[in-house]
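Enquirer: Here's a structure for you.
The values are calculated or read from the model by the stated rules, or taken from the named source; none is laboratory data. Everything quoted here is computed from the prediction, not taken from an experiment. Quick reminder, even Gly has a Cβ in these numbers, built from the backbone with ideal geometry, and neighbours come from all protein chains shown. What goes into the accessible areas is simple: the full protein's heavy atoms, side chains included, and nothing from ligands, DNA or RNA. Shrake-Rupley method; radii C 1.70, N 1.55, O 1.52, S 1.80 Å.
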Amino acid sequence: MPNRLRVLLIEDNLADVVLVRQTLRDAAPNDFEIESTTRLEDGLKLLREQHFDIVLLDLTLPDSFGIETYDRLHSLSDVPVVVLSGNSNDAVALETLERGAQDYLVKGTVSGELLVRMLRYSITRHRLMRELQESEQRFRMLSEQLPALLWTTDRELRFTSSRGRGLPSKQITPDQVVGQTVASFFGMKTPRAPLIALHERALEGESQSAPFDSDGHWFHAHVEPLKNAVGEIMGTIGVAVDITNEYKLRRDVEAAHRIQQHLLPSADPKMRGFEIAGGCYPAERCSGDFFDYIPMSRGRLAIVLADVSGHGFGPAILAATIRSYLRTAAVLGNQVHEMLALGNRLLVNDGDANPFASAFTVSLDSTTRSIQFSSAGHPAYLIRKDGTVETLETPCVPIGVRDDEVFPLSRPIGLERGDVLLIASDGVFETRRPDKEFFGLDRAVAVVNRYRSRPPAEIVDHLYQAACKFAGSSQLDDDLTVVIVKAVTRKQQLVDDTVTRKTGDQVVTNSTIATPKR
């Protein structure tokens, strides 16, 4: 039988207390557990000491009267409140609802069935409102971190909203964007400028992507129709990422290398219950691989590893674009499979280049020391402490292939101390020695098992060194990227940090998730 809902009844009329108890018992015999008190202060004490799903509150009590009763309770507790009053005054009822009460019921007018329904609806409505507030807070937090500008326009192409940190070439806050036209904000001189054309096609129902230049900077924009509830196009919704540096990759090898290094995380994150490290070793100065750490709601961390086919300038530019899309998608998705789906849609609609990449995404939950993953043509491997290996993958094509691809989310997988998650690009397993034999999964797992007691950064380095030794060269034929996640206890984390300091390796001193260099 599911847990019963706990109701706190604050009511000084004992006859009404008996009536409420009997009404709920008759209407839903096993659904509610009721605790009652006659004074507000006693009710507040119970709320501090115990968990309740909802409060039934009389506004007239021995130690409190009227709207003040609700205000005092609401200021000290986040539990949803339904007012149960003998006063049928509409003005009082409206005022309590405006102040946050879930409902206002008049004694003697409510049937048992209605009371049960009201309580259940109020609990559900309160939970949904909290989730919506958390989602909005997360959206604001992540959008402020994005190196991009997200916006909506009306049909006259005037900005109606904007989000993000803005654009490097525009010394203007997002709020200052609203009301300007797309042409004036981006300095478009002709009505057929590429960005204007994107918006006009969006008003006609098409989703379009294209690069454009403004004030000496290059941007990559994606614009889609913005529709109302009945499907009518009421404007556009777009995102622009400054790709000036990425665009210059085509002309300057060294500049390309420096820029791509800035796209990788500047430090490995600190997270209770886990130790994490990653490394990217390009076959040339630029890599088609990348990995990223992205903060998510409820204190979780998403890890992304993607592998674009090939290496060098073209794949490096594509990797930078895909990384930007996935970070943009993370604003709107609450789980890693949603992030893949949204990033995939942006990529599929990205012009005629047909770019694609395999990708593996996983979220880490420090409260349960568990993971959930979703993949797009790219597996990872969970190496348990007893040496057994579990392949983590979902039967999906790479991102950028089909815009309707569905990326499943795995069940939560609990980790024990000593378990190691190996996420790596194909460059690890497909490293060849002169006789064309592959390095393979078994050798990679053997390296992890040999050094699994060491910090993750050392395991990453040992894998790279083993691949180079196997190939007989420090210049590999393909990009090699590895992320290692170890499940540890807090005590083990302190030991590993001490070992890392003694061996002279770089130590991450911040206690929050590291953000990539810009």
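Enquirer: Output the number of the condition that Arg6 fails; it satisfies all remaining conditions of (1) under 20 Å from Arg130 (Cα atoms); (2) of a type outside the set (A, V, I, L, M, F, W, C); (3) in a helix (DSSP H, G or I); (4) at pLDDT 90 or above.
Expert: (3)
Enquirer: Could you list, in sequence order, all residues of the range 184-223 that are in a strand (DSSP E or B), touching a strand residue (DSSP E or B) at 6+ places or on another chain (Cβ under 7 Å) and in contact (Cβ under 8 Å) with a residue 40 or more places away in the chain?
Expert: Gln208, Ser209, Ala210, His217, Phe219, His220, His222 - these are the residues of the range 184-223 that are in a strand (DSSP E or B), touching a strand residue (DSSP E or B) at 6+ places or on another chain (Cβ under 7 Å) and in contact (Cβ under 8 Å) with a residue 40 or more places away in the chain.
Enquirer: Return the residue satisfying two criteria in turn: it lies in the range 378-387 and is open to solvent by 40 Å² or more (accessible area, probe 1.4 Å) and modelled with pLDDT under 95, and of such residues it is farthest from the chain's Cα centre (by Cα). Reasoning before the result, please.
Expert: Applying the first criterion (open to solvent by 40 Å² or more (accessible area, probe 1.4 Å)) to the range 378-387 yields 384-386.
When the remaining residues are screened for being modelled with pLDDT under 95, the result is 385-386.
Values: Lys385: 29, Asp386: 32 Å.
Of everything passing the filter in the range 378-387, Asp386 is farthest from the chain's Cα centre (by Cα).
Enquirer: Quick one: which residue in Asp58, Asp63 is farther than 25 Å from Gln133 by Cβ, surrounded by 16 or more Cβ atoms within 10 Å (Cβ to Cβ) and among the acidic types (Asp, Glu)?
Expert: Going through Asp58, Asp63 in turn, just one is farther than 25 Å from Gln133 by Cβ, surrounded by 16 or more Cβ atoms within 10 Å (Cβ to Cβ) and among the acidic types (Asp, Glu): Asp58.
Enquirer: Next up: Can you tell me which residue within the range 100-141, out of those that are surrounded by fewer than 12 Cβ atoms within 10 Å (Cβ to Cβ) and within 19 Å of Glu11 (Cα to Cα), is modelled with the highest pLDDT?
Expert: For the range 100-141, the residue satisfying everything is Ser111.
Yes/no matrix, rows are residues, columns are (1) in contact (Cβ under 8 Å) with a residue 24 or more places away in the chain; (2) in contact with a helix residue (DSSP H, G or I) (Cβ under 8 Å, 6 or more places away or on another chain); (3) closer than 18 Å to Ser122 by Cα:
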residue: Leu9; (1), (2), (3): yes, yes, yes
residue: Ala27; (1), (2), (3): yes, yes, yes
residue: Asn30; (1), (2), (3): yes, no, no
residue: Thr37; (1), (2), (3): yes, yes, no
residue: Gln50; (1), (2), (3): yes, no, no
residue: Phe65; (1), (2), (3): no, no, no
residue: Pro80; (1), (2), (3): yes, yes, yes
residue: Ala93; (1), (2), (3): no, no, yes
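Enquirer: Any idea which of Ala514, Ala467 is modelled with pLDDT under 95 and in contact with a Pro (Cβ under 8 Å, 6 or more places away or on another chain)?
Expert: Every option except Ala514 fails the conditions.
Enquirer: Step by step: first the residues of the range 91-111, then only those that are outside any loop (DSSP other than H, G, I, E, B) and of a type in the set (Val, Ile, Thr), then the one that is farthest from the chain's Cα centre (by Cα). Which residue is that?
Expert: For the range 91-111, the residue satisfying everything is Val106.
Enquirer: Filter the range 465-487 down to residues that are open to solvent by 30 Å² or more (accessible area, probe 1.4 Å), farther than 16 Å from Leu441 by Cβ and in contact (Cβ under 8 Å) with a residue 40 or more places away in the chain, then give me how many there are.
Expert: Of the residues in that region, 2 qualify.
Enquirer: When the range 36-55 is examined, which residues are found to be open to solvent by 50 Å² or more (accessible area, probe 1.4 Å) and either more than 13 Å from Ile10 (Cα to Cα) or under 36 Å from the mean Cα position of the chain (by Cα) (or both)?
Expert: Matches in the range 36-55: Arg48, Glu49, Gln50, His51.
Enquirer: Something else: Looking at the range 327-348 only, could you name the residues that are at pLDDT 80 or above, closer than 20 Å to Ser207 by Cα and under 10 Å from the mean Cα position of the chain (by Cα)?
Expert: Matches in the range 327-348: Glu338, Met339.
Enquirer: List the helices (runs of 4 or more DSSP H) inside the range 404-495, counting only whole elements, that have at least 1 residues being basic (Lys, Arg).
Expert: On the way: elements: 426-429, 440-451, 456-471.
Hits in the range 404-495: 440-451, 456-471.
Enquirer: Could you tell me which of the residues Thr368, Thr391 is surrounded by fewer than 21 Cβ atoms within 10 Å (Cβ to Cβ) and part of a loop (DSSP other than H, G, I, E, B)?
Expert: That would be Thr368, the only listed residue that is surrounded by fewer than 21 Cβ atoms within 10 Å (Cβ to Cβ) and part of a loop (DSSP other than H, G, I, E, B).
Enquirer: A further question on this structure: Can you find, within the range 71-90, the residue that is farthest from Leu59 (Cα to Cα) among those that are part of a loop (DSSP other than H, G, I, E, B) and either among the hydroxyl-bearing types (Ser, Thr, Tyr) or open to solvent by 40 Å² or more (accessible area, probe 1.4 Å) (or both)? Talk me through it step by step, then tell me what you get.
Expert: Kept after step one, since they are part of a loop (DSSP other than H, G, I, E, B), are these residues of the range 71-90: 77-80, 86-89.
Adding the requirement that they be either among the hydroxyl-bearing types (Ser, Thr, Tyr) or open to solvent by 40 Å² or more (accessible area, probe 1.4 Å) (or both) leaves 77-78, 86-89.
Numbers: Ser77: 16, Asp78: 18, Gly86: 9, Asn87: 9, Ser88: 12, Asn89: 12 Å.
Per the stated criteria, the residue is Asp78.
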